[in-house]
Structure formats: C-alpha cells, structure tokens
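The values are calculated or read from the model by the stated rules, or taken from the named source; none is laboratory data. None of the values given here were measured: they were computed from a predicted structure. All Cβ positions, even for glycine, are placed from backbone atoms using ideal geometry, and neighbour counts span all protein chains on display. To get the accessible areas, we keep the full protein, side chains included, count just its heavy atoms, and leave off ligands, DNA and RNA. Shrake-Rupley method; radii C 1.70, N 1.55, O 1.52, S 1.80 Å.
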Amino acid sequence: MNAPAEAGAAGLRAAQKAAHEANKLGKRLLRLTGQAVTDFNMIEAGDRVMVCLSGGKDSFGLLDVLLTLRSRAPIDFDIVAVNLDQKQPGFPAHVLPDYLARLGVPFHIETQDTYSIVTRVIAAGKTMCSLCSRLRRGILYRVASELGATKIALGHHRDDIVATFFLNLFHGGKLKAMPPKLVSDDGRHVVIRPLAYVKEADLARYAQVKQFPIIPCNLCGSQEHLQRQEVKRMLAEWDRRHPGRVQNVFNSLGRVVPSHLMDAGLFGFRELTATGVADADGDIAFDDDPCAPASAADGVIRLGISG
C-alpha cells in the first residue's frame, strides 16, 4: 500500500473512532440527565420548562440534551429558551437568536443593562458575581412568571455542585451544596439542575462535538482570583492526582448520615438513649479506621434508569 493510501486509511479510522466516541458521549449525557430528571422528579407532564441560556457550554449542552429527551419522553412538556442580554460591551446579540431560530426553539431575549449597574456599584478589582447574580436572578424570576414557566432549568453540573459544597465548607461554615431541585428563594418557582450528574469535562467535549456558538463572559468569567476558581483548581488537581476522589465527594452528598454529624436540629442527640439493640450505624469510636471504604455496590449513587 502506498503512502497516500495508508494516510487515507488512517484518516478514515481516526474519523470513525472520533464519531464512535462522540456517540458514546452523547448517550452518556442523555442517560445521566435522564437519571437526574427521574431521581428528583424534575419534569412532569404539562410542564413549561424555561431553560436559562447564557451562551456558555453548560447551558447550550442543557438545552440540546433536554430537547432530545423531550422527543423521547413518555410525557409532554414544553421548552422555552431564555437569555438575559446584560449589555456587556461587545456581546454578540445576534448569536443566540440566530441559533435558536435555526433550531426552531421558542425563545425570549430579555434585555437589561445590569452590566452598567454592576460596574458602577462594584469597585474595580472587586468580585462582581454576587451583585450580578442577584440582579440576574430577580429578572429571570420575573420573566419565568411572565412566560408561565413551571420550572426554571439551570446548566449547573456535577463539578459546580461539588465546588459549591467546598465553598460553603471553607468560607460559609456550612455543610451545604447546590441542590438538583429546590423552590426559589422568592417561593414562587421550582429551580431544577438536570445536569447534576454530568461532569464538566464531558460538557466541554460535547460543546466541541456539537460546535455550539459559545459566547464568553467578559464580566465575572474574567475574574480569575475568585474563590470559586480557586476551588475548581483544587478539584482539578485532585482529579489529576487522585482519580475518583471528586466523584466520591459528589456521591457522599447523596449518602448523608445525620447521626454522625453535629446538627442537633437534624438529629435528636438530646433525646438519644441506649436501646440495647445492635445498630450497624452505631458508634465505632474504638475502631482504628472510621473511614472504611464503601462496598463495591456503594461505589456510585444508585440511579434507577438503564440505558
């Protein structure tokens, strides 16, 4: 076989392998998202799901996967994509409308100049995320009501949830993460995170495969000194040096043992008495290793969907 033919055959094999990996990736995202939706009953028949589309890889991936799941779901629900144009300088306002129109997805672009407010109120070099988030949240809640949305879907993924856990642990003194489903702080909406089981790295690869028209954030996304960025770097280093550690932390958020923590409002320590009945979850204070590894059956969160 001559050199051009060999090169052509190698190129064909590489293309076939890439297509195979892309197919596996798409199936994995669909499976994990479907599992999360089912585990937490995120979407019900007749729902109108407002997908918050920022222009980043995560929200693009969320919309793409939810559209596919809707086409296969045994129930009917509607999807409307919403973008908040915060009037950041240089923001390409045509990108999302053009993309959504090509998809045939109902959408709403809400234009509010929160950029000027944030940059005027927050001193140069200071963290802008808190104020920006509050302003954005209030606007999106209002839009959800105006559109008749029953669920607000956000693109947070597994790594966001773990990072939030450590931010609350390190800086807030709380065992608190980012829930897959919760009522909004105004009490009027249900917020869902269908990508809760999905790794960020998979979303990044998926964005490349699907060639989403990514729009970078030039406000908070450029502030590399943020505490969240520091935590993300810590988690990335853990993943590099200790594969599986981040997933174990994530799994632990779904396997809480209140009796082995210290929240008297969560567990009845004050009323606790000996029962004389053996309890596998009882105290093992005299054991040398209180951190025995989980059994193989407990290696992952039990998710009740096949595929």
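Observations
- In sequence order, the range 202-216 has phi-based couplings of 5, 5, 5, 5, 5, 4, 5, 4, 7, 6, 5, x, 5, 10, x Hz under the Karplus curve 6.51 cos²θ - 1.76 cosθ + 1.60, θ = phi - 60°, and Gly or Pro positions carry x.
- Residues of type aspartates and glutamates that residue 24 reaches as a straight line, Cα spacing below 15 Å, ignoring anything fewer than 8 places off in the same chain: 202
- Here the scattering of the range 25-153 is modelled by Debye summation over its C-alpha atoms, one equal scatterer each and no solvent; at q = 0.09 Å⁻¹ the log10 of I(q)/I(0) is -0.30.
- Scanning residues 5 or more positions from residue 107 or on other chains, those with amide H under 5 Å from its amide H are 81, with H placed 1.01 Å from N in the peptide plane.
- Of all lysines in the structure, those lying under 28 Å Cα to Cα from residue 17, and not within fewer than 8 positions of it along the same chain, are 27, 57, 199, 210.
- Taking one quarter of the surface of the C-alpha convex hull of the range 13-99 gives a mean projected area of 7.5 nm².
- In the complete set of protein chains, residue-level accessible area for residue 71 is approximately 90 Å², probe 1.4 angstrom.
- Aspartates and glutamates whose Cα lies under 16 Å from that of residue 174, excluding same-chain neighbours fewer than 8 positions away: 263
- Rg/Rh ratio calculated on Cα atoms of the range 148-208 (Kirkwood radius): 1.04
- Among 257-263, 276-282, 245-251, the order from most to least packed when residues are scored by Cβ within 10 Å on average: 245-251, 257-263, 276-282
- The trypsin sites (Lys or Arg not before Pro) of the range 134-232 that DSSP puts in a loop, and whose beta carbon has at most 16 other beta carbons within 10 Å, are 174, 176, 188.
- Distance from the range 11-36 to the range 152-182 (C-alpha centre basis), Å: 27
- Over the range 241-287, the Kirkwood radius and the radius of gyration, each from Cα atoms, give a ratio Rg/Rh of 1.09.
- Relative to one another, the C-alpha centroids of the range 70-120 and the range 225-277 are positioned 35 Å apart.
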